[in-house]
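Student: Sharing a structure below in structure tokens format, with a few things to ask.
The values are calculated or read from the model by the stated rules, or taken from the named source; none is laboratory data. None of the values given here were measured: they were computed from a predicted structure. Backbone-built Cβ (ideal geometry, glycine too); neighbour counts: all protein chains shown. The area values use the complete protein model at the heavy-atom level, side chains included, leaving out ligands, DNA and RNA. Shrake-Rupley method; radii C 1.70, N 1.55, O 1.52, S 1.80 Å.
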Amino acid sequence: MNIYAVKVIYKYEMLRALHTLAQSFASPVISTALYFVVFGSAIGSRIEQIDGVSYGTFIVPGLMMLALLTQSIANASFGIFFPKFTGTIYELMSAPVSFIEILLGYVGAAATKSFIIGLVILATAGLFVPLDIAHPVWMLGFLILTCISFSLFGFIIGLWANNFEKLQLIPMLVITPLVFLGGSFYSVNMLPPVWQTITMFNPVVYLISGFRWSFFEVADVSVWLSLTIVLGFLGACLITVWWMFKSGYRLKQ
Amino acid sequence: MQPIVSISNLSKTYTSGFHALKDVSLDISPGEILALLGPNGAGKTTLISIICGIVNASMGSVTVGGYDIIKDYRAARGLIGLVPQELTLGAFDTVWNTLCFSRGLFGKKPNPDFLEQLLKELSLWDKKDSMLMELSGGMKRRVLIGKALSHEPSILFLDEPTAGVDVELRKDMWALVRRLRESGVTIILTTHYIEEAEEIADRVGVINKGELLLVEDKFALMHKLGKRQLIIQLEEAVDIIPTTLSTWALELSAAGDQLTYTYDPRHVNTGVAGLLRSINDAGLLLKDVETSQSSLEEIFISLVNAKP
């Protein structure tokens, strides 16, 4: 294991976040705080409790997931896309590093940043609404798994994208709608039956449901099913990245 | 002596169908400076990129320090430092940080003393805290060399190291290359500046259209393929070459005051003495005589043009 390589990549990526502190940390926290003001206070005060949880509190896991998914993807995709864009990727490709070490460095840093953002958002939410976490270990588990798996997904997007438009394409056109339609702001049970069925094809539903269960013991699907889906997604991402490095897809000619 | 880089039957065809390399075989000895000469698109960068792991070969194999570049990529790549052709550097990093990054990437533990010495050698020590985007083109080129040397490689690949740099920096680079060779580093450089190969290389490889046309000791190549010319200045201009000199392959200058005789210096009898006697017998008065040797550039052009 080339541990020095992992360290320098990780440190480089973390320093990049520190250089753009406002963009990396302040921006998602402010956005989430605004969601709490609008949905939690202004609109939420007019909505009844959902499954025995006040609306402002109910949306906390969904909002955290919204921020985690978008930040994980953005951090990891940009981290590997930028060296490709500037041409400095040559150094990574010619170095004695395996794809596992590259992943540990880039995805590890992206997941760490997302994890910190998640905790900061949780702390911010605590300022707006009362929060009790029923299963803190599960909550942390889902938080870490989500950060890692979506950072991996972002890494895949960064490897695949060969221009800035493609870098934004999937996060904007796929991920954001899936999160909004995945029960971030509502329970799936509130939808008409047809839409409930359609929603079950949205993988983000399982993610948010599991995460919400760890907070309130309230879920749209079984927590084990949620965990299986997240682990399956993580495995699929790992296999895809392995194949990309093995074949040199979008990396080597 | 075991070659430090051994290339066997290497071929590369890009997905576009372009044959960048055609069955290239080459052995490079430890401690030598090999210059790969060739026009744009000849395959020089593709060859280097395959050895360094940036491009996949279509056929053939390469070993570096005895290690296969695919099976033993860690050991092979650890021996190599690469200076790319383009000034590919991040903008928002400092000189010091980017060198630390490169050293770590190649699995070497931090060594601030070594990096300090390296930056001083490259005249970059006073710029160690400068952002990369603030540096001039010449400084960026030196930073790239510093990054390539930061992990103390045994082999240094320089892809067009002096492309677009001024004469002073070019000479600094040549001096650096010589110092590196003295420290035991094997250097492979690509260039289309013949002067560069002539100045610093031990051996010269000529590559064109993906084929390695030849690899020769620089002086042996010049000796083997280089023609020598005897240039004879006449005291008085003549209209035509006298018929008594018709057996010699002479060229008369437009002004009629200079005769040029091209000969092969490897022949036992070059004919120079006989020619001078014949000129004297023809009644022509000599003003001056000089000889000139073909440069690598002329050899290169003749080689490249010889292949269809």
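Student: Going through the stretch A:109-139 one residue at a time, which ones are farther than 15 Å from A:SER27 by Cα, among the aliphatic types (A, V, I, L, M), modelled with pLDDT of 90 or more and open to solvent by 60 Å² or more (accessible area, probe 1.4 Å)?
Tutor: A:VAL137
Student: Can you tell which of A:TYR35, A:TYR55 is among the aromatic types (Phe, Trp, Tyr) and more than 21 Å from the chain's Cα centre (by Cα)?
Tutor: A:TYR55
Student: What about B:LYS147, is it part of a loop (DSSP other than H, G, I, E, B) and within 22 Å of B:VAL5 (Cα to Cα)?
Tutor: No.
Student: Okay, next question. Kindly provide the set of residues from the stretch B:88-115 that are surrounded by fewer than 15 Cβ atoms within 10 Å (Cβ to Cβ) and touching a residue at least 12 places away in the same chain (Cβ under 8 Å), ordered by number.
Tutor: Hits for the stretch B:88-115 are B:ALA91, B:PHE92.
Student: Hey, does the stretch B:23-33 have a residue that's crowded, with 24+ Cβ neighbours inside 10 Å, within 18 Å of the chain's Cα centre (by Cα), assigned by TED's automatic domain parsing to the domain that holds B:ILE188 and not β-branched (Val, Ile, Thr)?
Tutor: Within the stretch B:23-33, not a single residue is crowded, with 24+ Cβ neighbours inside 10 Å, within 18 Å of the chain's Cα centre (by Cα), assigned by TED's automatic domain parsing to the domain that holds B:ILE188 and not β-branched (Val, Ile, Thr).
Student: Filter the stretch A:190-225 for residues that are assigned to a helix (DSSP H, G or I) and touching a residue at least 60 places away in the same chain (Cβ under 8 Å) and give the result.
Tutor: Residues satisfying the conditions are A:MET190, A:VAL204, A:LEU207, A:ILE208, A:GLY210, A:PHE211, A:ARG212, A:TRP213, A:SER214, A:PHE215, A:PHE216, A:VAL223.
Student: State all residues of the stretch B:79-111 that are within 10 Å of chain A (Cβ to nearest Cβ) and among the hydroxyl-bearing types (Ser, Thr, Tyr); if no residue qualifies, say none.
Tutor: Within the stretch B:79-111, B:THR88, B:THR98, B:SER102 meet the criteria.
Student: Going by the structure shown, is B:LEU158 within 14 Å of chain A (Cβ to nearest Cβ), under 30 Å from A:MET1 (Cα atoms) and not in a loop (DSSP other than H, G, I, E, B)?
Tutor: Criteria met by B:LEU158.
Student: Could you please let me know if B:SER136 is within 14 Å of another protein chain (Cβ to nearest Cβ), within 28 Å of the chain's Cα centre (by Cα) and not charged (D, E, K, R)?
Tutor: no
Student: For the stretch A:62-85, which residues satisfy the criterion of being under 17 Å from A:GLN253 (Cα atoms), of a type outside the set (Lys, Arg) and open to solvent by 10 Å² or more (accessible area, probe 1.4 Å)?
Tutor: Scanning the stretch A:62-85 gives A:PRO83, A:PHE85.
Student: When you go through (1) farther than 24 Å from B:ILE69 by Cα; (2) free of Cβ contacts under 8 Å to residues at least 12 places away in the same chain; (3) buried (at least 20 other Cβ atoms within 10 Å of the Cβ) one by one for B:MET173, which number turns out not to apply?
Tutor: (2)
Student: When you check A:PHE142 against the structure, is it surrounded by fewer than 24 Cβ atoms within 10 Å (Cβ to Cβ) and part of a helix (DSSP H, G or I), yes or no?
Tutor: no
Student: Let me ask you something else. Going through B:ALA76, B:ALA42 one at a time, which residue ends up being outside any strand (DSSP E or B), more than 10 Å from every other protein chain (Cβ to nearest Cβ) and within 25 Å of B:PRO161 (Cβ to Cβ)?
Tutor: Unique residue meeting the criteria: B:ALA42.
Student: Within the stretch B:190-206, track down each residue that is among the hydroxyl-bearing types (Ser, Thr, Tyr) and touching a strand residue (DSSP E or B) at 6+ places or on another chain (Cβ under 7 Å).
Tutor: B:THR190, B:THR191, listed by residue number.
Student: Give the residues of the stretch B:215-248 that are part of a loop (DSSP other than H, G, I, E, B), of a type in the set (Gly, Ala, Ser) and either on the phi > 0 side of the Ramachandran plot or at pLDDT below 80 (or both), sorted by residue number.
Tutor: B:GLY226
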